[in-house]
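Engineer: Have a look at this one.
The values are calculated or read from the model by the stated rules, or taken from the named source; none is laboratory data. A quick note: this is a predicted structure, and the numbers were derived from the prediction, not measured. Counting neighbours? That spans all protein chains shown, and the Cβs are built from the backbone with ideal geometry, glycine included.
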Amino acid sequence: MRNGLLSAVVATALVLLCAGTAGAQSLVYSFEAPPVNPDGFGPNGGGVTVTQDTIGATNGANSMKVSVVTGATFVGALTGVVHPLINDPPGVQSVLADVTLTQPFTGSFALIGVTIFGASQPGPGQQFGLQAQFADFEHLEGKAAGTYTVQFDLNSATHPLTFATGQSFNDIFGTVGSGANDLIPTGFQFFFNKSNDQPLTAYVDNVRVISTPEPASLSALALGGLALVRRRRAA
């Protein structure tokens with residue numbers, strides 16, 4: 001019986017460790033609540049409008065409609081309401097969103113991406129802290145009208161738009177007081193970039209993140225289980 005309990009604890013710890021590497025999805029933005037721009041999202045840059053809509057809703061009744069009506073570059077929907085899960089720890093691997101196109105884009109390229117802006121707390125004698133940002137994008141050109149699940153990888157070591165080349169999101173950002181890095185997210189943006197003046201409209205919904213529990217937490221759980229086995233043996 002004791003050997004069976006020990007085996008069960010070890011097996012559970014291994015399952016948790018493996019699950020941690022795969023990550024779990026958690027909802028961060030659903031665009032459900034009023035006012036018109038829920039979750040604090042609004043236009044960032046000229047030539048773009050951001051409103052609440054029902055087209056493309058895959059979680060609840062509403063979505064976020066982003067319309068780019070000019071040839072502006074890197075405009076989009078920005079919010080200063082950064083969800084607690086978009087932080088480190090526990091560590092964000094990817095951002096996923098359901099993106100709906102009602103008609104294909106016929107220009108040579110159209111991109112949708114996410115940018116996470118951040119800053120550090122000002123040091124002694126400083127008025128402003130360090131600034132940082134992290135971005136990843138995916139292509140929309142060539143896609144037919146429909147709804148797509150788009151995944152933005154934040155855990156890769158190489159990103160063409162990353163402020164600090166060769167660093168992942170979790171290398172750049174941390175939490176205040178975490179020690180190694182006090183850069184914290186201050187804004188979250190969906191950006192759009194396209195090749196010409198043709199209008200581009202996308203509906204975004206069901207924004208979620210894939211995060212990984214800290215290895216220390218999983219190890220502590222496993223050690224706690226082993227300690228329980230030892231106590232039962234001693235009894």
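Engineer: Tell me which residues, restricted to segment 46-75, are of a type outside the set (A, V, I, L, M), in contact with a Gly (Cβ under 7 Å, 6 or more places away or on another chain) and within 13 Å of residue 97 (Cβ to Cβ).
Structural biologist: Selection gives 63 alone.
Engineer: Restricting to segment 51-90, name every residue that is in a loop (DSSP other than H, G, I, E, B), within 14 Å of residue 199 (Cα to Cα) and of a type in the set (Gly, Ala, Ser).
Structural biologist: Selection gives 71, 72.
Engineer: May I pose another question? So which residues in segment 21-47 are polar (S, T, N, Q) and at pLDDT 85 or above?
Structural biologist: The initial filter retains those residues of segment 21-47 that are polar (S, T, N, Q), namely 21, 25-26, 30, 37, 44.
Of everything in segment 21-47, those that are polar (S, T, N, Q) and at pLDDT 85 or above turn out to be 25, 26, 30, 44.
Engineer: When you look at residue 162, is it at pLDDT below 65 and crowded, with 18+ Cβ neighbours inside 10 Å, yes or no?
Structural biologist: When the stated conditions are applied, residue 162 passes them.
Engineer: Would you check if there is a residue in segment 168-181 being in a strand (DSSP E or B), surrounded by 14 or more Cβ atoms within 10 Å (Cβ to Cβ) and modelled with pLDDT of 70 or more?
Structural biologist: Restricting attention to segment 168-181, the residues satisfying the condition of being in a strand (DSSP E or B) are none.
Checked segment 168-181: no residue is in a strand (DSSP E or B), surrounded by 14 or more Cβ atoms within 10 Å (Cβ to Cβ) and modelled with pLDDT of 70 or more.
Engineer: If only one of 112, 86, 55, 116 is at pLDDT below 90, closer than 17 Å to residue 206 by Cα and among the hydrophobic types (A, V, I, L, M, F, W, C), which one is it? Steps first, please.
Structural biologist: Numbers: 112 fails: at pLDDT below 90; 55 fails: at pLDDT below 90; 116 fails: closer than 17 Å to residue 206 by Cα.
Going through 112, 86, 55, 116 in turn, the sole match is 86.
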